[in-house]
1. Identify all residues within segment 237-262 that are in a helix (DSSP H, G or I) and either at positive phi or touching an Asp or Glu at 6+ places or on another chain (Cβ under 6 Å) (or both); write none if there are none.
2. Can GLY223 be described as outside the structural domain of PRO26 (by TED's automatic domain parsing) and either buried (at least 19 other Cβ atoms within 10 Å of the Cβ) or at pLDDT below 95 (or both)?
3. Applying the selection to segment 347-405, what residues are outside the structural domain of LEU243 (by TED's automatic domain parsing), of a type in the set (Gly, Ala, Ser) and surrounded by 22 or more Cβ atoms within 10 Å (Cβ to Cβ)?
4. Pick from segment 161-180 the residues that are in contact with a strand residue (DSSP E or B) (Cβ under 9 Å, 6 or more places away or on another chain) and either closer than 18 Å to ASP334 by Cα or among the charged types (D, E, K, R) (or both): which of them is surrounded by the fewest Cβ atoms within 10 Å (Cβ to Cβ)?
5. Just to be sure I understand, how many residues within segment 313-334 are in a loop (DSSP other than H, G, I, E, B), under 22 Å from ARG363 (Cα atoms) and either touching a Phe, Trp or Tyr at 6+ places or on another chain (Cβ under 6 Å) or at pLDDT below 95 (or both)?
6. Within segment 38-87, can you find the residues that are modelled with pLDDT under 85 and either among the β-branched types (Val, Ile, Thr) or in contact with a strand residue (DSSP E or B) (Cβ under 6 Å, 6 or more places away or on another chain) (or both)?
7. Go through (1) modelled with pLDDT under 95; (2) surrounded by fewer than 16 Cβ atoms within 10 Å (Cβ to Cβ); (3) assigned by TED's automatic domain parsing to the domain that holds GLU63 one by one and return the number of the condition TYR193 breaks.
8. Name the residue that is nearest to the chain's Cα centre (by Cα), counting only residues in segment 163-182 that are of a type outside the set (D, E, K, R) and either outside any helix (DSSP H, G or I) or not assigned by TED's automatic domain parsing to the domain that holds MET398 (or both).
Amino acid sequence: MTKQQDSNFSAIRPLRLLHVIASANPIGGGPIEGILRQNEASAGWGTREIVTTDDPCSAFLQEIPLVVHATGKTLPKSPLRPILRRYSYSPSITAWLRENASNYDAVVVNGLWNFAAMAAARALRKSKTPYFVFPHGMLDPWFKKQYPLKHVAKQIFWLFNEGPLLRKAAAVLFTTDEERLLARKSFWPLGYYELVVGYGTASPPIASPEQLAAFAERVPHLGARPYILFLSRIHPKKGCDMLIEAFSSTCRLNTELDLVIAGPDSEGTLDKLKRRAAVLGISDRVHWPGMLQGNAKWGAFYGADAFVLPSHQENFGIVVAEALGCGKPVLITDKVNIWREVHRAKAGLVAADTPQGILEMLREWDEMSDLEREDMGQAARGLFRQQFDVRQSSLAMMQAIASRI
């Protein structure tokens, strides 16, 4: 924390915050990553704890540098077990919140449409402890269009759970104005208090040979070939299918460029993507290292020519901010909610989330000169420092919470 930031934090009364989240598993990406980075940015100011529906025996909890209250238990054998697991069912979290919420100055509910959010709605509505809701993009109307039947079910839940949860919150926190406006189009009635607090991540570590070596071990067939990097969950909404199709066209024009698709397979779509790459005859040009963490992750970022995220829906995209922080141009769609900032800063290319849009974006990148790419990389690093450094967004969030309690 800089002296100026330390001074700004010291102007806010230190708070004891409780984060409610369905799971602290890092494979879930954004929300838990954001909590951890915010905690680092505000070190020495206040305290944070987490309550989650995770099984307390989960190995990944040992890596969380915060006090974690894990209330989950092994689910009973039942035909409903897969549904209950997906919904993060854990009845103990409701009782835990009722008993312990008063021990905190404020509660932040991270995410919706899971049992943790239901528990928060039940336990906090009569609590004197103010609470805030961070939807993390889960009110985006894309889901309404993509999954109309599921949306009907969510609208029912909204009337009895999520809607009252948001309306009784001290504030609903959004990462961008784009997210705030999109959220108004999904459910009714609304009537909650809105605050845009921004979002961000920690500055990347300095590039090192160790990082590049760790990544190279995960992609032994890549060698020294240049590549574009996708690093995120492999999920239908991420547009990996469009990326494979577009890359199959552009890689024939540029025989020196490869594609790395890194990330956990969260929906069982990896094999389908690999089969499609084989049918297109580009299996030797596409590399699948799985989920990358630590040095291997940063080596992947620093070694890439550019970062690509062709999502159909992306609230913020911490990985986009990480790529910017590494000075990498980002190739994204206009469904990534920070696309306006990227476009204004000339820190990357923006396309429609269609097969043709992705194809045209890759072709535009391929036609750029080395100087143009270098300028874009410098603009990327500048954009990160100005808007997406977690030290700034964490301060904004604390100021917003302090102003509403």
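The values are calculated or read from the model by the stated rules, or taken from the named source; none is laboratory data. In this text, all values refer to a predicted model and were calculated from it rather than measured experimentally. Reconstructed Cβ throughout: ideal geometry from the backbone, glycine too, with neighbour counts over all protein chains shown.
1. Scanning segment 237-262 gives a single hit, THR250.
2. Details: outside the structural domain of PRO26 (by TED's automatic domain parsing): yes; either buried (at least 19 other Cβ atoms within 10 Å of the Cβ) or at pLDDT below 95 (or both): yes.
So GLY223 passes the test.
3. SER393, SER394
4. Taking the candidates together, the pick is ASP177.
5. 1
6. Those that are modelled with pLDDT under 85 and either among the β-branched types (Val, Ile, Thr) or in contact with a strand residue (DSSP E or B) (Cβ under 6 Å, 6 or more places away or on another chain) (or both): THR74, ILE83.
7. Answer for TYR193: the failing condition is (1).
8. This residue is THR175.
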